[in-house]
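A.B. asks: First the structure, then my questions, so here it is.
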Amino acid sequence: MHAIQVREYGGPEVLVPMELPDPQAGPGEVVVRAEAIDTIYLETQIRGGWGEMFGVTPPYVPGGAAAGTVVGTGPGVSSSWLGRRVVAGAGTRGSYAELVRTGVDRLVPVPDGLGLREAAALAHDGVTATGILDGVGVKPGDRVLILGAAGGMGTLLVQLARHLGARVVGAARGAAKLALVRRLGADAVVDYTEDGWTGAVRDALDGLPVDVLLDGVGGALGADAFALVADGGRVSAHGAASGGFATVDQQLAQARGISVRGITDVQFDAPDMVRLAGRALADAAAGRMRPVIAREYPLRSAAEAHRAMEARSIPGKALLIP
């Protein structure tokens, strides 16, 4: 099968197309013929040297989810899975390939009316976005600030928060991304590369503080945004696209009654992943949200996709197509 392999940590150039043996389904496993492969920014960080933090060491096939059709089942797996459209869900290893082996416990059926490309685009971000909003408990009328609002997950958070009745301010960089965020339903948009951007957030909210901060960027931007949160507010500091997670003064947060959730709070085991993914796919099939698929790359061009993600040139999702 065609696949991408990383033999050493490094830049996008270490993503090398290769021919590898077809995977065989073991007990409790299936093989999925991938039609669309999810990409997430974290994969660029793992490739760049974060791998050991996540138990991934070279040589390895990158990727953590894909959508396609079940073409093989292992011992103990019902043959009724054969031919079904599924997502090989988050936590699957080695999805940058034509054939993907995963546990049957990570399979998520794709509902009728939803394409496999859309399903792949929701494989990680749909799960995480749904879990984040459950965790912080967004309510009608909440003032919600979303950092990284034009990213794959940010675009979903904008739509879902609006669906829950929140007043949404989307923060991103550049006119094109801000226009996308506004089209998705944000009440106001702010460019966080501009001086005084936190003041622009306050102006957009009529001087009122933020009830919920959804930080998909981290670093200094996340720390600056934390100062906008109301006493008793809720924060999800799940993003590190800036190179690191935001540093939050936990004593100050406790003194102000602010609840803070981090990346560990959105690491789900297989049953919860399947449950959240099922909800995300159902929301998309029902039109309550749609993933923004900005670009599709041939699988052999995975390095180009990683370069584009690192350059922040893609609003929404990039997919790999075998």
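A.B. asks: Are any residues in the stretch 244-284 part of a helix (DSSP H, G or I), hydrophobic (A, V, I, L, M, F, W, C) and under 16 Å from the mean Cα position of the chain (by Cα), and if so, which ones?
C.D. replies: Correct list: ILE263, VAL266, MET273, VAL274, LEU276, ALA277, ALA280, LEU281, ALA284.
A.B. asks: I'm trying to understand the selection: among the residues of the stretch 24-52, which are of a type in the set (S, T, N, Q) and surrounded by 19 or more Cβ atoms within 10 Å (Cβ to Cβ)?
C.D. replies: THR39, THR44
A.B. asks: In the stretch 224-243, how many are surrounded by 16 or more Cβ atoms within 10 Å (Cβ to Cβ) and within 21 Å of the chain's Cα centre (by Cα)?
C.D. replies: Residues in the stretch 224-243 being surrounded by 16 or more Cβ atoms within 10 Å (Cβ to Cβ) and within 21 Å of the chain's Cα centre (by Cα): 10 in total.
A.B. asks: Return a yes/no flag: does the stretch 124-144 have any residue that is in contact with an Asp or Glu (Cβ under 9 Å, 6 or more places away or on another chain), within 19 Å of PRO322 (Cβ to Cβ) and buried (at least 23 other Cβ atoms within 10 Å of the Cβ).
C.D. replies: Looking through the stretch 124-144, at least one residue is in contact with an Asp or Glu (Cβ under 9 Å, 6 or more places away or on another chain), within 19 Å of PRO322 (Cβ to Cβ) and buried (at least 23 other Cβ atoms within 10 Å of the Cβ).
A.B. asks: For LEU178, indicate whether it is within 27 Å of SER313 (Cα to Cα), in contact (Cβ under 8 Å) with a residue 24 or more places away in the chain, outside the structural domain of GLU310 (by TED's automatic domain parsing) and buried (at least 19 other Cβ atoms within 10 Å of the Cβ).
C.D. replies: In short, yes.
A.B. asks: If you don't mind, there's one more thing I want to ask. Could you identify the single residue in ALA255, ALA246, ALA270 that is hydrophobic (A, V, I, L, M, F, W, C) and at pLDDT below 90?
C.D. replies: Selected residue: ALA246, the only one of ALA255, ALA246, ALA270 that is hydrophobic (A, V, I, L, M, F, W, C) and at pLDDT below 90.
A.B. asks: Out of curiosity, is ALA241 touching a helix residue (DSSP H, G or I) at 6+ places or on another chain (Cβ under 9 Å), in a helix (DSSP H, G or I), aliphatic (A, V, I, L, M) and within 21 Å of VAL168 (Cβ to Cβ)?
C.D. replies: No.
A.B. asks: List pairs: first residue in the stretch 133-146 and assigned by TED's automatic domain parsing to the domain that holds ARG182, second residue crowded, with 21+ Cβ neighbours inside 10 Å and hydroxyl-bearing (Ser, Thr, Tyr) anywhere in the structure, Cβ distance under 9 angstrom, at least six positions apart or on different chains.
C.D. replies: Every condition considered, the pairs that remain are LEU133/SER236; GLY135/SER236; VAL136/SER236.
A.B. asks: Can I ask one more? Just for the stretch 291-314: of the residues that are basic (Lys, Arg) and at pLDDT 95 or above, which one is farthest from ALA88 (Cα to Cα)?
C.D. replies: Checking each candidate, the answer is ARG307.
A.B. asks: Testing GLY91 on (1) over 22 Å from the mean Cα position of the chain (by Cα); (2) at pLDDT below 95, one condition comes back false. Which one is that?
C.D. replies: Looking at each condition in turn, GLY91 falls short on (1).
A.B. asks: Which of the residues spanning the stretch 212-223 are surrounded by fewer than 22 Cβ atoms within 10 Å (Cβ to Cβ) and either within 14 Å of VAL144 (Cβ to Cβ) or at pLDDT 95 or above (or both)?
C.D. replies: Those that are surrounded by fewer than 22 Cβ atoms within 10 Å (Cβ to Cβ) and either within 14 Å of VAL144 (Cβ to Cβ) or at pLDDT 95 or above (or both): none in the stretch 212-223.
A.B. asks: Restricting to the stretch 5-23, name every residue that is assigned to a loop (DSSP other than H, G, I, E, B) and surrounded by 15 or more Cβ atoms within 10 Å (Cβ to Cβ).
C.D. replies: Across the stretch 5-23, the qualifying residues are TYR9, LEU20, PRO23.
A.B. asks: Related question: Could you grab me the full set of residues in the stretch 2-25 that are farther than 17 Å from SER301 by Cβ and in contact with a strand residue (DSSP E or B) (Cβ under 8 Å, 6 or more places away or on another chain)?
C.D. replies: The answer is ARG7, LEU20, ASP22, PRO23, GLN24, ALA25.
A.B. asks: Then there is this: Can you pull out the residues in the stretch 97-117 that are in contact with a helix residue (DSSP H, G or I) (Cβ under 6 Å, 6 or more places away or on another chain) and modelled with pLDDT of 95 or more?
C.D. replies: ASP105, ARG106, VAL108, VAL110, PRO111, LEU114
A.B. asks: Here's a check for you: in the stretch 103-123, which residue that is surrounded by fewer than 24 Cβ atoms within 10 Å (Cβ to Cβ) and small (Gly, Ala, Ser) is nearest to VAL189 (Cα to Cα)?
C.D. replies: Top of the filtered list is GLY115.
The values are calculated or read from the model by the stated rules, or taken from the named source; none is laboratory data. Since this is a predicted model, take the numbers as computed values, not measurements. Here the Cβ is made from the backbone with ideal geometry for all residues, glycine too, and neighbour counts use every protein chain on show.
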